[in-house]
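Enquirer: Handing you a structure now.
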Amino acid sequence: MSFFGLQQTDLEQDKRKFLESGLHESEDVAVYTWGEDSYDGLGDALQEGGDELNDETFGGSGAVGKDFDFSNPALPEDKRVSHDAPQVKREQSVDKEPHQHQQPSSLRPSQPSRSTAHSLEAIWDDKSPFSVLPRMNSTSRASPAPSAKFSPFASETFSNAGQQSVLHKSNQPQPRVRTLQEIEAEMLQQRSAAQRQQEVLLQQRHHEEEHIRLAQEQELQRQQRIYQQEQQQLQIHRLLQQQREQQQHMRTPPPRMLPVSQSPRFLEHQRQILLLQQQQEQQQQQRLQELQEQLRFEEIERQMVAQMTLQQNPNQYASRRAVPNLTSPENQVLQHQQLQRRQRSQSPVTGSNITPIQDNMSYLPQNIQLQQRLLSEMTQAEYMRDIQGASQAEQEALRAEAMRKIVEAEKMEEKRRRKAAKIAHMARYNDLMTQSDKDFITRIQVSQLVTQDPYADDFYAQVYGAILRSRMGLQSQDERVIKFGSGGGIGLGLAQKGGNRRPNAMQRMEQQVERIVSNARKREEEKGLHSLHSLQGALGKTSGRSYKAAPRQLLQVDASNPSASPTISPAHAHISKSSNINESAAKEAAKLGREALGTAADTDNLVRKEPLTQREVLIILERLYDIVLRVEQLRRDQPLPEDDESSREWQKEYDSLVDELWVELRVMVPLETSHPHPFISLLTPTKGKKILPRLTRHLSSERMLTLLTLLVACFSQLDVIRQASVLDSNEDSREHADVERQTQAFLGSVMQSILPHVSNASLRLVTGLLGLLLDRSNIAAIAQSKPGLALLTLFLSRVEVIKQTSGSELAEIPSSEEQLQWQTMFDHLFELLAPYFIYLFPSTRAPIVVPPGHSNPADIADQPVWQFLAALALHAVIEQHQVLVTSLREKVLDIILSVNKGWVASEEERQTKLANVNLFLHALGLDSSQVAL
Amino acid sequence: MDPSASGIQEPFDLIRLSLSERVFVKLRGDRELTGILHAYDGHMNLILSDVEETIMIVDTEGAPDGQGTVNVAKRRMEMLFVRGDGVILVSPPSRT
Amino acid sequence: MLIFSVFKTLTDQQVTVELKNDLSITGVLKSVDQFLNIRLDNIKVSDEARHPHMMAVKNCFIRGSVVRYVQLPAEHVDTQLLEDATRREAVSQAKR
């Protein structure tokens, strides 16, 4: 320590000295003698206040008053607010205490105007009215006379003073060498005495303060109602708004809900509670502060007044103020009450502190100082009144209004409380799930139902809806495909009445889910790709063949038989120019037919097979259906023509599918491969007939021609032709029904599909086809079937159209040769059919016994026959007409007779009959009216 | 025959061949149906048209030795959905 | 999903549901779900006498598993489309 410039001390030396010779004052070592005169008094300079409460705070103060009893709830727990309120009040009261005690201490330095005697002890002086106050409260409880109280205070002050004097005794030479223990014992004694006194004082102070606090609490409560007229209403509004906002966004969970740490609601709830508490605390602290300020003011005023009263003559004061007789305590009480009321109306805050004192005054014995106090307070009241300058009437009015407002506010609060309770009760199970939870669940559910490709899972509904819409003539919207969502999720059907808002939400959700699902799928694919493809071939290509077997042949010669179906050049109706007109019509027809077939009729390289079995037929048909479905789906997915790349690809795919279709259709199979031809076999089942129009839609006209030729060539092999006679039986058998259905299907599907191509056929083609038909089939049988008849009628009408339009059309003018050929063919046909004209009629073939009064179905069945005959007549020459007439005269006459004679059941029937006959007769250039009966 | 044979790989393919054809269906509860099959699914739910249902009612009271008369109740329905859990078998109609 | 799809198109049509306990209920098909549970409105039991407990019932929910038949209106069913849908379903089933 020498470098600090200090005296170097030798520790060893000092120790020896100390131990040898007792303590000397000249020793350097400081002997700590607490409280000793040698004490330098630094501790005194320490401004430390509030130590009076130390024992109480840290325990050992004896009975705890009810304000400080934290073990039991202060108030009944009916509402949450009341939960907080007592807590807050307790806090408040706790808060107030230090404030109160700080008040006197803070007041002290801030009151330089006071007399110098007002030190810490002066508060407790007899002279101060304030000092009387706590004593009064404690007196009301405890019995000892107030005078007795003075002594503890006095003794306390004395002891305090003694303490301080002891402390203040500085540097008094007292040659008392006491050991530490002695010193400590002394200190302890003094301390215990002081403590005891302090305890007593504290207790008294406790009681006083309790009273004050109680009174102030009561006042506070009253204040809350009064004072809150304007301010707290606002606060309530604010709170309500806040609560409403909170309810909108996040509702407070039900009180019964257990705090689940995972639930975000609980945290919010806690936060809200904290917020509320904080707000309430803040509000009450504000009020506290205001109260305290007012208290301070009152104290100042009181002390001022006290000074005034002390200085003045009380009697003079009394006479001046014209105060009624003060001696009687009752009057005093009355006066006090009046004062209270007035003060309350004027300044409710300021009067509050006076009133509890005044209330308690009624217990007081007669005391001059009391009177003085009363006087002072009265002057204070009047002083306040003067300041405010309000008249008594106005005060009453104000008071009344205040009361009214209070009542109203209470009522409103009550109502609001009831409403809130009801809402809370109803909503006690709200918000168990957050919106995100609900969205999560909804997304799961929707993802189960949403599909990437609506056609995949919901094909029927989608297409059916499209069909319906097209039938109803509605414009198809952007997409023909009904996105999931408009169906409502559950099968609520296509009809929806008022769900306009829901589809939007559903659409949005569905879009989101689709995105998520597609992303997930892509990710999965990528994962799969990455895992396999990226590693594949990374180590180089390893051979895939086992080495046990023989090495792979470089040349693989397939010992398969040559293809059964040799490639056929498309059939052209090759009409040789060197056709001899002199050849018989039959030969001609045959020749033409064969030529029409081209090389298809070539029997070289023909492998005769058994006709396809039913199972085979079905298998092939199903395969055809698969292809057709794929084609149709492809057409739906057709890319825009602007996109060249994908268009080309699409076209390639489309073409390959159509080729597959063509092959499967077995049209190119040689004619004589089997009987019936596979193609014909395929047309046997109903679904075969039904698929044809869907197929032919995609076939080129060239292929269609081939198909048509084949069909005509093998016409007689058709099941409908072979079983046509069943229809004549007119029974109600299953077979009959089946054949009927098949025929209908044929007419509806097959004939429909070939219709457009025949309608555009050239004369040459029609001629050839007719020849083919005549050559390869029994025309009589054909003609007696509905499909055959339909075909013939088709041909004839086409030629008629050609004939009629040949004048106007420049493109397709048949040469004379062609026309001649046609005529030849026609004659041939006529020749073959002539003996069977009458049997063409179903009614003739199967005469139906119709009970009188019932409409004859035969007329409707005969209609196609009449049409055919009319068509026939159009091409016929005079001689043929004659033949026609001869054959059909009786029939026609019968019908006309029945019409004229009224042997008809209904007007409709008559019309039908007439129409039939006239159709035929007009073609002949005749009319039914011409017929003379 | 080769390309045809590869067509049928599982029993449902056989049923598929019968689409649009008349089939015979045997159901639980001594019931039989014939109708034109239009739709089916993996549960053997069926949609048939032009259906005739035959319910076998065995009358055992005819003779004590168990030989009872068999009555049938027939019904016709235009379009019918049949739940798959009652279907025992589906086959082409017995060709006489 | 095929039959579900079909039933979706038949909502607001009158159908007759025959249950496995031989109860036949005619009503308007209101909704259907993926399990083919059915909701019917304005129901009428075919044989009232045998099932008097249903007299007061206006609307009902039928669990799909207790259905034996559902008679459909033929004019609201497109058989061709049914068959196509079945073929598609069969193809997609085979793929899986």
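The values are calculated or read from the model by the stated rules, or taken from the named source; none is laboratory data. Small disclaimer: the values here were computed from a predicted structure and weren't measured. Because the Cβ atoms are built from the backbone with ideal geometry, glycine has one as well, and the counts that use them run over all protein chains shown. Quick note on the areas: whole protein, heavy atoms, side chains included, nothing else; ligands and nucleic acids left out. Shrake-Rupley method; radii C 1.70, N 1.55, O 1.52, S 1.80 Å.
Enquirer: So which pairs qualify, if the first residue must be in region A:857-873 and free of Cβ contacts under 8 Å to residues at least 60 places away in the same chain, the second must be aromatic (Phe, Trp, Tyr) and assigned to a helix (DSSP H, G or I), the Cβ gap must be under 8 Å, and the two must be at least 6 apart or on different chains?
Expert: A:Trp866/A:Phe920; A:Leu869/A:Phe920; A:Ala870/A:Phe920; A:Ala873/A:Phe920
Enquirer: Sticking with this structure for a sec: Does region C:5-14 include one or more residues that are in contact with a Phe, Trp or Tyr (Cβ under 9 Å, 6 or more places away or on another chain), open to solvent by less than 20 Å² (accessible area, probe 1.4 Å) and among the hydrophobic types (A, V, I, L, M, F, W, C)? Outline the logic, then answer.
Expert: The first filter runs over region C:5-14 and keeps only residues in contact with a Phe, Trp or Tyr (Cβ under 9 Å, 6 or more places away or on another chain), leaving C:5-9.
If we keep only those that are open to solvent by less than 20 Å² (accessible area, probe 1.4 Å) as well, we get C:5-7, C:9.
This time we only want the ones that are among the hydrophobic types (A, V, I, L, M, F, W, C), so: C:6-7.
Yes - at least one qualifying residue is present in region C:5-14.
Enquirer: Provide a single number: the residues in region B:12-41 that are in contact with a helix residue (DSSP H, G or I) (Cβ under 6 Å, 6 or more places away or on another chain) and assigned to a loop (DSSP other than H, G, I, E, B).
Expert: Going through region B:12-41 one residue at a time, the tally reaches 4.
Enquirer: Could we say that C:Arg68 is free of Cβ contacts under 8 Å to residues at least 40 places away in the same chain, in contact with a Leu (Cβ under 9 Å, 6 or more places away or on another chain) and under 22 Å from B:Asp50 (Cβ atoms) here?
Expert: no
Enquirer: List pairs: first residue in region C:71-96 and more than 7 Å from chain B (Cβ to nearest Cβ), second residue of a type in the set (Val, Ile, Thr) anywhere in the structure, Cβ distance under 7 angstrom, at least six positions apart or on different chains.
Expert: Note: pairs meeting the criteria are C:Asp78/A:Ile467; C:Leu81/A:Val463.
Enquirer: Grab the helices (runs of 4 or more DSSP H) fully contained in region A:686-734, keeping just those with 2 or more residues being among the aliphatic types (A, V, I, L, M), surrounded by 21 or more Cβ atoms within 10 Å (Cβ to Cβ) and within 55 Å of the chain's Cα centre (by Cα).
Expert: Numbers: elements: A:686-696, A:701-713, A:719-722, A:724-729.
Where helices (runs of 4 or more DSSP H) fall fully within region A:686-734 and carry at least 2 residues being among the aliphatic types (A, V, I, L, M), surrounded by 21 or more Cβ atoms within 10 Å (Cβ to Cβ) and within 55 Å of the chain's Cα centre (by Cα), they are A:686-696.
Enquirer: Being modelled with pLDDT of 65 or more, in contact with a Leu (Cβ under 8 Å, 6 or more places away or on another chain) and either of a type outside the set (D, E, K, R) or surrounded by 13 or more Cβ atoms within 10 Å (Cβ to Cβ) (or both) narrows it down to one of A:Gln392, A:Gln380, A:Gln372, so name that one. Give the derivation first.
Expert: Values: A:Gln392 fails: in contact with a Leu (Cβ under 8 Å, 6 or more places away or on another chain); A:Gln380 fails: in contact with a Leu (Cβ under 8 Å, 6 or more places away or on another chain).
Being modelled with pLDDT of 65 or more, in contact with a Leu (Cβ under 8 Å, 6 or more places away or on another chain) and either of a type outside the set (D, E, K, R) or surrounded by 13 or more Cβ atoms within 10 Å (Cβ to Cβ) (or both) holds for just one of A:Gln392, A:Gln380, A:Gln372, which is A:Gln372.
Enquirer: Something else: Kindly indicate whether A:Val658 is under 53 Å from the mean Cα position of the chain (by Cα), among the β-branched types (Val, Ile, Thr), part of a helix (DSSP H, G or I) and away from chain B (no Cβ under 14 Å).
Expert: Against the criterion (under 53 Å from the mean Cα position of the chain (by Cα), among the β-branched types (Val, Ile, Thr), part of a helix (DSSP H, G or I) and away from chain B (no Cβ under 14 Å)), A:Val658 qualifies.
Enquirer: From the list C:Leu19, C:Leu23, C:Leu2, which residue is more than 9 Å from every other protein chain (Cβ to nearest Cβ), in contact (Cβ under 8 Å) with a residue 40 or more places away in the chain and within 18 Å of the chain's Cα centre (by Cα)?
Expert: Matching residue, one of C:Leu19, C:Leu23, C:Leu2: C:Leu19.
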